[in-house]
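What follows is one structure encoded as C-alpha cells, with my remarks underneath.
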Amino acid sequence: RCDLADGDRWGQLRWILATPGDSSITLSISCAGTAAELDTALPITLAEFPPGTASPADLEAALVAAGVPTAAHLRVSATLTAGSGGESPSLSNVEVRWHCGD
C-alpha cells in the first residue's frame with residue numbers, strides 16, 4: 001500500500017466475461033479523492049460487450065482521455081443486460097491494479 005503521491009497511478013482492469021446470445025455488459029469507472037465523492041464523480045465507460053475489447057483495460061489512459069485526475073478512490077461498475085431470449089451475461093475475476101510511484 002502507498003499514499004497518493006506523484007507518480008502513483010491506476011494500472012489495469014482485468015476481467016473474464018461471457019455475453020451469450022444478444023446479452024451485453026458495459027464496464028465503467030469513476031475516480032474521486034474520497035469514497036463519498038464517488039457518488040457524484042463522472043462515470044467513464046471503459047468497454048461495452050459486444051463488440052468490446054479484450055481484457056485488460058488501461059485505467060490511467062481512460063482517466064487521462066476523459067480529463068479526470070488520478071485519485072485514491074476508484075469505483076468499477078458493470079451493467080449486465082439479459083438477451084432477448086433470456087440469456088444471462090456473466091462477469092467474474094475482476095482485478096484492479098494500482099502502481100505506487102518511486
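Check off (1) loosely packed, with under 15 Cβ neighbours inside 10 Å; (2) at pLDDT below 95 for ALA65 and give me the number that stays unchecked. Of (1) loosely packed, with under 15 Cβ neighbours inside 10 Å; (2) at pLDDT below 95, only one is false for ALA65: (2).
With the condition kept exactly as written, say whether any residue in region 2-23 is touching a helix residue (DSSP H, G or I) at 6+ places or on another chain (Cβ under 6 Å), modelled with pLDDT under 95, in a strand (DSSP E or B) and open to solvent by 40 Å² or more (accessible area, probe 1.4 Å).
Filtering region 2-23 for residues touching a helix residue (DSSP H, G or I) at 6+ places or on another chain (Cβ under 6 Å) gives 9-10, 13.
Next cut, modelled with pLDDT under 95 only: 9-10.
Keeping just the survivors that are in a strand (DSSP E or B) gives 9-10.
Next, from what is left, pick out any that are open to solvent by 40 Å² or more (accessible area, probe 1.4 Å): 9.
The answer is yes, given that some residue of region 2-23 is touching a helix residue (DSSP H, G or I) at 6+ places or on another chain (Cβ under 6 Å), modelled with pLDDT under 95, in a strand (DSSP E or B) and open to solvent by 40 Å² or more (accessible area, probe 1.4 Å).
Taken over region 24-58, residues that are more than 16 Å from PRO89 (Cβ to Cβ) and in contact (Cβ under 8 Å) with a residue 24 or more places away in the chain amount to 16. Out of the residues in region 69-102 that are assigned to a loop (DSSP other than H, G, I, E, B), of a type in the set (A, V, I, L, M, F, W, C) and modelled with pLDDT under 95, which is least open to solvent (accessible area, probe 1.4 Å)? Looking at the filtered set, the residue picked out is ALA71. If only residues of region 24-45 that are more than 16 Å from the chain's Cα centre (by Cα) and surrounded by 13 or more Cβ atoms within 10 Å (Cβ to Cβ) are counted, the one that is nearest to GLY83 (Cα to Cα) is GLU37.
The values are calculated or read from the model by the stated rules, or taken from the named source; none is laboratory data. Model, not experiment: these values are computed from the prediction. Please note: Cβ atoms are built from the backbone with ideal geometry, for glycine as well, and neighbour counts cover all protein chains shown. Ligands, DNA and RNA are excluded from the accessible area calculation, which covers all protein heavy atoms including side chains. Shrake-Rupley method; radii C 1.70, N 1.55, O 1.52, S 1.80 Å.
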